[in-house]
Each structure stands twice: as structure tokens, then as C-alpha cells.
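As C-alpha cells, the structure follows; a few thoughts come after it.
The values are calculated or read from the model by the stated rules, or taken from the named source; none is laboratory data. Model, not experiment: these values are computed from the prediction. Using ideal geometry, Cβ is built from the backbone for each residue, glycine included, and neighbour counts are taken over all protein chains shown. Side chains included, ligands, DNA and RNA excluded: accessible areas come from the protein's heavy atoms. Shrake-Rupley method; radii C 1.70, N 1.55, O 1.52, S 1.80 Å.
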Amino acid sequence: MSKEPNHISGYKDHLMILGVLILLTIITVAITQVELTALNTAAALFIAALKATLVLLYFMHLKFDQKVFLIMTVLVLILIAAVIGITVIDYIDRY
Amino acid sequence: MENKHLPNYLEYQGKYKGLMGWLTTTDHKRIGLLYFYSMFSFFLVGATLGILMRLELIAPGKQLMEAQTYNALFTLHGLTMIFLFVIPGVAAVFGNFFLPIMLGAKDVAFPKLNLLSWYLYILGALIVLSSQFMGDGPPDTGWTFYAPYSLKTQTNVVAAVFGAFVLGFSSILTGLNFITTMHRLRAPGMGWKRMPIFAWTLYATGWIQILATPIVGITLLMIAAERLLGIGFFDPAIGGDPILYQHLFWTYSHPAVYIMILPAMGVISEIIPTFSRKPIFGYTALIISSMAIAFVGYFVWGHHMFTSGMSDSSRWIFSFLSFIVAIPSAVKVFNWTATLYKGSIRLQTPFWWAMGFIFVFMIGGFSGLVIGSLATDIHVHDTYFVVAHFHYIVFGGTGFAFFAAMHYWWPKIYGRMYNTKIANVGLAIFFSGFNILYFPMFILGLRGMPRRYYDYLPQFTDGNVISTIGSWIMITGLLILIVNLAKAKKMTGKAVDDPWDGSTLEWKIQSPPTLENFEEIPVITGGPYEYKDR
């Protein structure tokens, strides 16, 4: 069992991250008004990934926790990326 | 370590007594038994449906039921057996009961969450079963809910899909609980390389439960959204892709096979050293193979889709990866047999079950290579060959290990020993019936009999008759086993604490265990498989 004291984030930090998340949400909506064809989806996914990263790092304390949890999360993301990648191979080659 | 004066977990009276005491318990052992009683009841329902299906198929043409009833029957048989028995199966029952004890802990990391998992399991099961009686008739899609048929059928698919979704939450929470327990609650001195193999297989399983189950949850919700809101995910008529459904469904459902089989392999890995009086051969290799199965198992789902219209490059990639996953599975079998080599083997009931497991698992595994191979799969896809293969793996693997675990740990769970002679006779009948039931399906499949059909051509009659007779033999063996174990539970003579001379921690405490398992948390000084009488 870990005896390290838990990191406690202040309200100020939480509010700042919340502000950034709201800003990114507004950008997500705004960018749909710009005609970028396939890049619209890529942009939406990129912003969503950015938001998820912020939530993981700050709201879920990954930034302040032991490194092993960060490594586990990154490994899981690699796994999911690989699963999506293999699925995409089918779509690229099927049509 | 043990104290005979304390009440065991079955006698212990908490805040509530009787049924309420059970329904509000947070004791991992009682929750394990709650899973056991509910799961075994569902198993008997699923088995009854299977017997009825076999009766219908004893001859061509209508015997007992109409085609639509048969379609509903095999759907419910699949849903019950897969989602309510084999997926939670060994992990939820024996994992709950024995994981904390094997780690030297008093309970799992989140006992209340553990109870919630059971309630979610029951809620999901009730929703799945209620789908049979509500709406426009029982679902007829098969347990896979393939689109676009599951979007078009007028039967009650949404309820069944939602039930499976709720069951997924139960599975995720159990996996989360077990992983945290292993990270946080191991006894002092129990390093990762001193954990029993059963715990390691639960660890690998837990990761699959956490990472793969959400995918099927979302997929099933997409089915519901498409049916209810008309969003075009999978129906080509409104811009969807039916092959995407298969990708998403099997991205979970193939790893789900490993959720079923990995804890089963863990059970076998506990039984074989105990009855060979030897440390398990290749402890590290067994751990690595468990993790490798869990990891590689994520990348083989496409072998369910070789004839779906998927791209050529994907097909050979998935075929190649499917062959790779056979390697860690074979490592386990070789390690089990190497453990037997020069062992002081004790031919007792759990050991026979373990041998039965290896036999049927090997047949299931080798037949899996036939359908993992692109060319041969084209011929046997959607035939009875596949039905035979997955029953050898899922029922032969997980089912045999479940019964092996019951016979291995029954004296510890209830403090009562069963009649081993009757148990051996029951096993022999069950084993014979199992092979007579399922082996003819390989031949029927090779000869071209399609699966899921209500009727068949006359040339398939012989195989179907043999198979149906096998189902009667198997169910006879099953009834003998159940009655024998149930009678043991009521017998007055107590089992000794360690009837098999086991070496893992559960055999070092009293039978049945006390509420908190250990009066003092043990300090671990050696590996899990060290036998003094070698």
C-alpha cells in the first residue's frame, strides 16, 4: 500500500481546465461551419482527443499520480489505436 | 493462522439474518456463492433449451416446435450460456471466492462494488429473459445480433441488447475489482511472482473485461439507436455498414472467449500441480502465456468474418494473427503435461476433470486451426463444424474447468466432502455423453450441414440421432454430478481443511473459511507450489 500523500488540486486549476474544455467544445462546433471535407472529422477527433487528455491528466490526476498509471494508460491507448488501425486496413483495401 | 472457535462465513450473522443477510452481504465468499447459485440456475435453463433443440433435430422435419420457436430457442440458449454462464463463469464464482484468500487478503478491494456487480448481473439477466415475454416475440437473431437482420426483425431485440449491455457493466466492475485487489491487497511477501497462476489468469482476464467490454456495450447501444432513432450505423439502406457491426461485435466477443477460457486455464493450473505433487512446470511461461493470450486475443477477431466480404488483406492478416494466438495456448498445454512428468500423480476426481479438460480443449483447439485457416474456413464456415468447435472450447473448456473447480474447491467452500466414487462415475458418463453429443457435429459440418437451420436433408439424420443420444447421456452424467454434490452439502461429516494436500493459501485456513479468512494476515515466504511430500 502506498503511503505517499495524495495530491489535491485547487479549485483554480479545476476551473481553468473546465474553461479550456468549454473553449475546445466551442471550437469543435465552430469548425463544422468551415468546409474542410474529410479534415472536419479529423479536426473533431483531434480536439476530442485533446479534451480527453486534459480530463485524464488533471481531473483523473494522472499527471500527479505514480508513473505506472500513466504507463498503463498509454499502453491501453496504443492497444486501442492498434485495434482501430487493423479495422481501417479493411476499409482502405475493401473499396 | 486458523481459529476453530470463530463462526465460518456461512454461519456468521451480520446486521441482517437469513436471506437479507445474503442479499446485503459484502463478503466476497458469499457474493461468489450468490453468483454460483444464480449462474448455475441459468446454466440449467440453457442446458434444458439445448436438450429441446437436440430433440427437435433428432429427425428431419417438424418434431416438437415451429421454425420460429426454434430460432428463438437457439437465440436464448446462446444468450443464456454465453452472457449468463460462461463469460462471468469461473471468474465471478471461484475468482470472487478464492482470489482474496489466495492473495492473503480479507476481501476484494471494493466489497460494495462487488455486490453491485452481482445486482447488475441479475438485473441484466432479468432484462435478457424478459425479452422473451415482452414486445413482439422473443429475439430470433442468435446471440450475435448480426446487423442488418437485428435491425429489421420485428422481434424484441432492443430488450435483449439492453440486457447484454447491463451485463457488460457487471463484467467491467468485476474486472476492475480484481485488478485493484491484486495490485493493492497482496499479503506481505507475496511478490507478483509468488501469486498463484489462477490469480494471474484473473489478472489477464480483468484487463480484457475492462478494455473490451465497453466496445460491445457501445455496439449494442448503436443497434438500439438504429432501431429506435433510425441512425444509419449498420444498415446500408441508410448509409451504414453491416461489416462494421461485425468488426465492433467481434472486437469484444473474441476477447470474450479469453474472458471465459483464461480463468478456466487458471483452475487447471492449480489442480495439476496439487495432484502431481510438483511445482507447476514453467511458472513464468504460464504467466507470460496468459498475458500474451489476453494481448494477442485483441487482434484476431476478424477470423469470425472471413466470408463476410471483408477485404483480402484483412483476411490474411487476421488468419496469421489467429495462428499466433495458438502458441501461448499450446505453451499452457505443454506446461501442464510437463508438470505431470515424473509427478507423484494422485488419481482423484479434480485431477480427472483436469485431464478431461485437456482432452476436449485440444480437440477444440486443433479444430480452431481449421477455421482459423482462410482456405478451409471457406468450406466449414457457418456449418456444424463451427458449432462443434466452439462447444469443445467453450463448454469443453470453460464448462469442464467449472466442474473441475467445483470438485476441487467444494470441500473448502462448504466444509463437506462429496462421494468421490459417484463423482468419478458421473464424470465418466458426462465425458462420454459430451463427446457423443458434439463430435458428430464435426462430421456433419464437414459434410455441409449448415448451423442454425431448423430442418436438414435426410443424409444428415444419422449424425443428428447420435448427437441427440449423446445429449441424453451427458445430461444423465450432469444430474449425477449435481445430486452427488448437493448431497455432500447436506452430509454431517466435516471435510478436513486440506483434503488434497494443497499448497496455496486457501488450503491453510479452515473449511469453510471464517468471515475475514485470516485472523492474522499471513506473511508469504515462498512460491505458491511448494510440496513437502515430493
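What the table below lists for this structure:
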| quantity | calculated |
| --- | --- |
| Candidate set: the range B:487-517, residues that are open to solvent by 50 Å² or more (accessible area, probe 1.4 Å) and closer than 18 Å to B:Tyr418 by Cα; chosen: the one modelled with the lowest pLDDT | B:Thr492 |
| Residues (over 17 Å from the mean Cα position of the chain (by Cα) and either aliphatic (A, V, I, L, M) or open to solvent by less than 50 Å² (accessible area, probe 1.4 Å) (or both)) located in the range A:1-28 | A:Met1, A:Ile8, A:Ser9, A:Gly10, A:Leu15 |
| So A:Ala43, is it farther than 30 Å from A:Gly10 by Cβ, more than 14 Å from chain B (Cβ to nearest Cβ) and at pLDDT 90 or above | yes |
| Of the criteria (1) in contact (Cβ under 8 Å) with a residue 12 or more places away in the chain; (2) open to solvent by 50 Å² or more (accessible area, probe 1.4 Å), which one A:Ala43 fails | (2) |
| Matching residues, the range A:69-88, being open to solvent by 50 Å² or more (accessible area, probe 1.4 Å) and at the interface with another protein chain (Cβ under 9 Å from one of its Cβ atoms) | A:Ile80 |
| Near pairs, Cβ below 9 angstrom, 6+ apart or cross-chain, from the range B:301-312 (over 15 Å from B:Val257 (Cβ atoms)) to any residue that is outside any helix (DSSP H, G or I) and not β-branched (Val, Ile, Thr) | B:Phe306/B:His381; B:Thr307/B:His381; B:Thr307/B:Asp382; B:Ser311/A:Tyr95 |
| Members of the range B:21-42 that are outside any helix (DSSP H, G or I) and open to solvent by less than 20 Å² (accessible area, probe 1.4 Å) | B:Thr25, B:Asp27 |
| Where a residue in the range B:472-500 is over 16 Å from B:Ala428 (Cβ atoms) and its partner, wherever it lies, is in a helix (DSSP H, G or I) and among the hydroxyl-bearing types (Ser, Thr, Tyr), with Cβ under 6 Å and at least six apart | B:Lys489/B:Tyr414; B:Trp500/B:Thr274 |
| Considering residues of the range B:278-309 that are open to solvent by 10 Å² or more (accessible area, probe 1.4 Å) and outside any helix (DSSP H, G or I) only, the residue farthest from B:Ile208 (Cα to Cα) | B:Lys278 |
| Of residues in the range A:53-68 being away from chain B (no Cβ under 14 Å) and not in a loop (DSSP other than H, G, I, E, B), the one most open to solvent (accessible area, probe 1.4 Å) | A:Lys67 |
| Leading residue by the ranking (least open to solvent (accessible area, probe 1.4 Å)) among those in the range B:209-242 that are closer than 25 Å to A:Ile78 by Cβ and within 12 Å of another protein chain (Cβ to nearest Cβ) | B:Ala212 |
